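Coordinate-derived values only; no laboratory data. Small disclaimer: the values here were computed from a predicted structure and weren't measured. Please note: Cβ atoms are built from the backbone with ideal geometry, for glycine as well, and neighbour counts cover all protein chains shown.
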Amino acid sequence: MFALDNKSTVITGGGSGIGRAISVLFARQGASVTILELNESAAQNAVEEILAAGGKAQAFSCNVADQAQVKEVFAKIGKVDILINNAGIAHVGNLENTPEADFDKVFNVNVKGVYNCLSAAIPLMKANDGGVILNMASIASSVGLSDRFAYSMSKGAVLTMTFSVAKDYVKQNIRCNCISPARVHTPFVDGFIAKNYPDNQEEMFAKLSATQPIGRMAKPEEIANLALYLCSDEAGFITGSDYPIDGGFIKLNS
Ligand SMILES: NC(=O)c1ccc[n+]([C@@H]2O[C@H](COP(=O)([O-])OP(=O)(O)OC[C@H]3O[C@@H](n4cnc5c(N)ncnc54)[C@H](O)[C@@H]3O)[C@@H](O)[C@H]2O)c1
């Protein structure tokens with residue numbers, strides 16, 4: 001079960017955290033993994049880990065927010081069976097302390113970056129009689145979180161882009177779903193704690209862990225396992241769905 005033999009899989013942000021765990025797992029299941037990354041050395045490091053384990057992987061330096069770059073890279077890849085729109089950036093702030101430059105940056109990476117990769121991948125999938133798309137949304141797509149104004153806006157758009165693409169391409173044999181994690185322990189979380197709460201990092205880490213009723217953050221590998229199921233042939237009946245993976249955050253927090 002869950003074999004991905006020779007499936008050409010593109011993973012954005014595959015050099016770190018959740019994207020890296022997905023890259024490693026998909027390669028282990030037989031996929032031919034292509035990582036698109038802003039951070040070239042992190043991407044190269046992930047590729048080396050996969051190659052050392054006998055898997056197939058390559059990386060391209062690419063800013064997903066830049067449509068010209070994205071088009072150029074997808075033209076080189078040529079065939080895409082699976083696209084995982086995972087690259088994203090964090091932002092902490094309410095409406096009043098979200099300057100325009102921050103709003104634009106979050107929008108450009110988290111929303112336009114997904115649009116750019118979808119635009120490049122869909123024609124390739126149509127030419128290939130179908131494909132599978134998985135977008136990395138968030139619990140912030142569906143519930144109100146304090147001080148996540150721009151981030152929530154962006155992840156709400158990822159959720160609705162998922163529905164739109166799933167609907168428009170269902171007859172082309174393209175499945176499109178998203179995953180909505182609560183906190184996952186990755187450099188993304190460590191980075192925003194260090195940046196926004198420099199004086200009480202440990203306290204903040206404990207607080208964020210406790211917001212999941214299960215009492216901890218997820219491990220990136222736990223998100224990768226769900227991604228594998230949703231991108232495998234075993235999930236062939238699933239499209240237009242959002243999968244919370246949240247330690248009980250959405251349903252058990254009252
Ligand atoms: N960690 C969490 O708690 C959590 C929770 C819910 C959703 N998510 C989402 O999961 C995704 C991955 O998060 P993570 O925690 O693994 O983050 P991470 O910061 O560990 O990894 C993200 C990777 O994306 C790359 N990246 C960032 N901007 C890019 C760009 N413009 N072009 C190409 N690559 C770019 C970074 O270089 C990095 O390697 C993000 O979309 C995030 O919003 C994370």
In Å, the Kirkwood hydrodynamic radius from C-alpha pairs for the chain sits at 18.3
Of the listed links K112/K207; K112/K251; K167/K219; K7/K171; K56/K219; K105/K195, those spanning more than 26 angstrom between alpha carbons are K112/K207; K112/K251; K167/K219
Ranked output for segments 201-208, 31-38, 176-183, 62-69 by mean other Cβ atoms within 10 Å, highest leading, reads 31-38, 176-183, 62-69, 201-208
Here, K251 and Q58, labelled 7 Å along Cα→Cβ, have an inter-label distance in nm of 4.3
FRET efficiency (A210, E96; Cβ distance; R0 25 Å; to 0.05) is 0.40
The FRET efficiency for N6 and K71, from their Cβ-Cβ distance with R0 = 25 Å and rounded to 0.05, is 0.55
So D199 and K171, fully extended at 0.36 nm per residue minus their Cα-Cα distance, gain in nm 4.8 nm
Phi angles of region 82-88, converted by Karplus (6.51 cos²θ - 1.76 cosθ + 1.60, θ = phi - 60°) into ³J(HN,Hα) in whole Hz with x for Gly and Pro, give 9, 10, 10, 7, 10, 4, x
Counting sequence-distant residues (5 or more places) and residues on other chains, those with an amide H built under 5 Å from that of C178 are N135, S241, D242, Y243
